[in-house]
Amino acid sequence: MNQDQPRATDVLPAKGCFIDNKWVPAISGQTLPVMAPAEGIVFAEIAAGGREDIARAVAAARTAFETGAWSRLSATERGRLLSRLGQLIEAHFDELVALEARDCGKPLATARADVTATARYFEYYGGAADKVHGEQIPFMNGYYVTGEREPLGVTGHVIPWNYPAQMTGRTLGPALAMGNATVLKPAEDACLAVLRIAELAAEAGFPEGAVNVVPGLGHEAGAALSEHPGIDFISFTGSPQVGTMIQTAAAQNHIGCVLELGGKSPQIVFDDADFEKAVPVIVAAIVQNAGQTCSAGARLLVQRSAWDSLIPMVVERFAKLRAGKPDDAPDLGPIISAKQRERVAGYIAAAKVAGVPVLAEGAVQEQAPEGGFFVPPVLFGPVPRDAELACEEVFGPVLSALIFEDEADALALANGTEYGLIAGVWTNDNARALRVARRLRVGQVYVNAYGAGGGVELPFGGVKKSGHGREKGFEALYEFSALKTVVIKHD
Ligand code: TAP
């Protein structure tokens, strides 16, 4: 550990890895410091899980799946356990909100919404567990054929630091509902709520080995999980670079994967849109979680004929935005780490040097701690189409406004990046809304609305560099299960 990092007086001690419903220290005995990004101080430690800890967790999950109490539970009983976990999350709401807010630096209001959504994921998949019916397939006379959905086995889950609690519900909920035994590697930068949820799963009654969590570094614990020959599927959310490594490891082991790798999502505003309604949503879509959201509305595509009326409204709102610490009701919190702040600040500085016009800049609240990793939000525009800011994911509070001419141009611009996660279309012309929605190469489209965040029920995922596979909704239940065809000959 870097002993020079400033530390809180009461640093939360590392609990360990959660394996077989017990806390066990990392086999190496090592721990990692956890920073509070709004304060810039170490406030907790976590176990530095590694290859051997992952092996132990995979073995525990395998036992639960093959022989243990988990594989014998009916779908209804699995659903009840998931629902009970959702209730326990609600019962520990304030505790989880406080953990998530300090760990990620996010405003309390955002942390509350996140913990609410986390409980909702377990509640939703609790209700869904015994509603996956399979099918009966018409075949030749004398045969009875069924298609049955069965679990994949042991599923691996690697999640990022931006929505640790929600991502846990999003990825473990459907995997457990289908009867898989799970091993999750959360991000080292923010995982305290995840570890607490694992403990609550044991309290809810999940049998040993069904839910295992191994914190640790990505290139150690994360790589070990994705490469482990004992897993049957892997779910990953994070950067395209690591997504490539995960998919390569999955290919080596001949297993499937679902990848959610971020985006550069467009919000397309036509000149007939209701600007009063659109502007608050447009701004919230980039400021939410300080822009550290895979589905952030990072590109504002504005019809030339709307530019002079819409942009001043966005500028006015943007200039009032304030970053601060969770309990000061800021519009946004800090960036997760010093490293990520440097990355975001680098994009902003490079755009300014390149002469991209700054339309508006927010500020940091006066009372915000000096050591916090804050970045004031910036609105750039008009951003040239080939600029970095028009194409690359910044993962910070930076909105790039671009001009388009007509519907065809809007589509070319919207589809013109390597990403394809979500999109927003603002227009009062329903026929145009439908036309554009159908031609956008993304996984979700919002018309006169934006924001996938709370949509537990809505299938979510990308195309192109944004990844593949679908999470959320019923689709995730199909991702985390396999269809088996059973052919019975009868007379
Ligand atoms: P990643 O490195 O992709 O981290 C995501 C998860 O993968 C973390 O749990 C990480 O662990 C783990 N990981 C890292 N290297 C790994 C490896 N070799 N094998 C297996 N797992 C590994 O993302 P980041 O560095 O935190 O952020 C970089 C950029 O990625 C961001 O600026 C943003 O553009 C993008 N990003 C996207 C998303 C979403 S929601 N799509 C989320 C986060 C970041 P550790 O963090 O513990 O090392």
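The values are calculated or read from the model by the stated rules, or taken from the named source; none is laboratory data. All of these numbers come straight from a predicted model, not from anything done at the bench. Methodologically, a virtual Cβ is constructed for each residue, glycine included, from the backbone with ideal geometry; neighbour enumeration extends over all protein chains shown. Ligands, DNA and RNA are excluded from the accessible area calculation, which covers all protein heavy atoms including side chains. Shrake-Rupley method; radii C 1.70, N 1.55, O 1.52, S 1.80 Å.
See the values below:
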read-out	value
Y347, sole failed condition from (1) open to solvent by 10 Å² or more (accessible area, probe 1.4 Å); (2) over 22 Å from S265 (Cβ atoms); (3) not basic (K, R)	(2)
Flag for V302 being in a strand (DSSP E or B) and under 26 Å from I403 (Cβ atoms)	yes
Some residue of segment 102-114 being touching a residue at least 60 places away in the same chain (Cβ under 8 Å), of a type in the set (S, T, N, Q) and open to solvent by 50 Å² or more (accessible area, probe 1.4 Å)	no
Residue match in segment 134-145 (condition: in a helix (DSSP H, G or I) and surrounded by 14 or more Cβ atoms within 10 Å (Cβ to Cβ))	no
Which listed residue is open to solvent by 30 Å² or more (accessible area, probe 1.4 Å), in contact with a Leu (Cβ under 8 Å, 6 or more places away or on another chain) and at pLDDT 95 or above, from V315, V283	V315
Helices (runs of 4 or more DSSP H) enclosed by segment 191-273 - at least 1 residues per element that are within 28 Å of E123 (Cα to Cα) and more than 8 Å from the ligand (Cβ to nearest atom)	192-204
Filter pass, E260 being surrounded by fewer than 24 Cβ atoms within 10 Å (Cβ to Cβ), modelled with pLDDT of 95 or more and not β-branched (V, I, T)	no
Pairs where the first residue, in segment 223-240, is assigned by TED's automatic domain parsing to the domain that holds P160 and free of Cβ contacts under 8 Å to residues at least 40 places away in the same chain and the second is open to solvent by 20 Å² or more (accessible area, probe 1.4 Å) and more than 8 Å from the ligand (Cβ to nearest atom), C-beta under 6 Å, 6+ apart	P229/N253
Candidates E45, E52 - the one that is open to solvent by less than 60 Å² (accessible area, probe 1.4 Å) and closer than 19 Å to E220 by Cα	E45
Candidates A323, A306, A278 - the one that is free of Cβ contacts under 8 Å to residues at least 40 places away in the same chain, open to solvent by less than 10 Å² (accessible area, probe 1.4 Å) and either closer than 20 Å to P164 by Cα or touching a helix residue (DSSP H, G or I) at 6+ places or on another chain (Cβ under 9 Å) (or both)	A306
Which listed residue is crowded, with 17+ Cβ neighbours inside 10 Å, outside the structural domain of H133 (by TED's automatic domain parsing), hydrophobic (A, V, I, L, M, F, W, C) and over 25 Å from I311 (Cα atoms), from F404, F460	F460
Boolean, F374 is more than 16 Å from A298 (Cα to Cα) and surrounded by 21 or more Cβ atoms within 10 Å (Cβ to Cβ)	yes
Looking only at segment 286-298, and only at residues there that are in a helix (DSSP H, G or I) and more than 30 Å from A223 (Cβ to Cβ), the one that is most open to solvent (accessible area, probe 1.4 Å)	Q288
Top-ranked residue in segment 170-188 [being within 19 Å of P33 (Cα to Cα) and within 14 Å of the chain's Cα centre (by Cα); ranked as surrounded by the most Cβ atoms within 10 Å (Cβ to Cβ)]	K185
Filter result for D331 (open to solvent by 10 Å² or more (accessible area, probe 1.4 Å) and touching a Lys or Arg at 6+ places or on another chain (Cβ under 7 Å))	yes
The lone exception for V436 - which of (1) in contact with a Ser or Thr (Cβ under 8 Å, 6 or more places away or on another chain); (2) hydrophobic (A, V, I, L, M, F, W, C); (3) open to solvent by 60 Å² or more (accessible area, probe 1.4 Å) it fails	(3)
Any hit, segment 439-462, residues being in a helix (DSSP H, G or I) and in contact (Cβ under 8 Å) with a residue 12 or more places away in the chain	yes
Residue in segment 161-173 that is more than 24 Å from A296 (Cα to Cα) and away from the ligand (no atom under 16 Å from the Cβ) present	no
Segment 148-183: number of residues that are over 14 Å from L477 (Cβ atoms) and part of a strand (DSSP E or B)	7
Condition check for S83: more than 17 Å from P186 (Cα to Cα) and at pLDDT 95 or above	yes
Cβ-Cβ under 7 Å pairs, at least 6 apart or on other chains, segment 15-31 side closer than 19 Å to F206 by Cα, far side β-branched (V, I, T) and in a loop (DSSP other than H, G, I, E, B)	C17/V214
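Residue-wise test of (1) within 19 Å of D232 (Cα to Cα); (2) surrounded by fewer than 16 Cβ atoms within 10 Å (Cβ to Cβ); (3) not small (G, A, S).
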{"position": "T9", "(1), (2), (3)": "no, yes, yes"}
{"position": "C17", "(1), (2), (3)": "no, no, yes"}
{"position": "T67", "(1), (2), (3)": "yes, yes, yes"}
{"position": "G79", "(1), (2), (3)": "no, no, no"}
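For (1) within 26 Å of C104 (Cα to Cα); (2) among the acidic types (D, E), each residue gets a yes or a no:
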{"residue": "P357", "(1), (2)": "no, no"}
{"residue": "E361", "(1), (2)": "yes, yes"}
{"residue": "V364", "(1), (2)": "yes, no"}
{"residue": "G371", "(1), (2)": "yes, no"}
{"residue": "P376", "(1), (2)": "yes, no"}
{"residue": "A387", "(1), (2)": "no, no"}
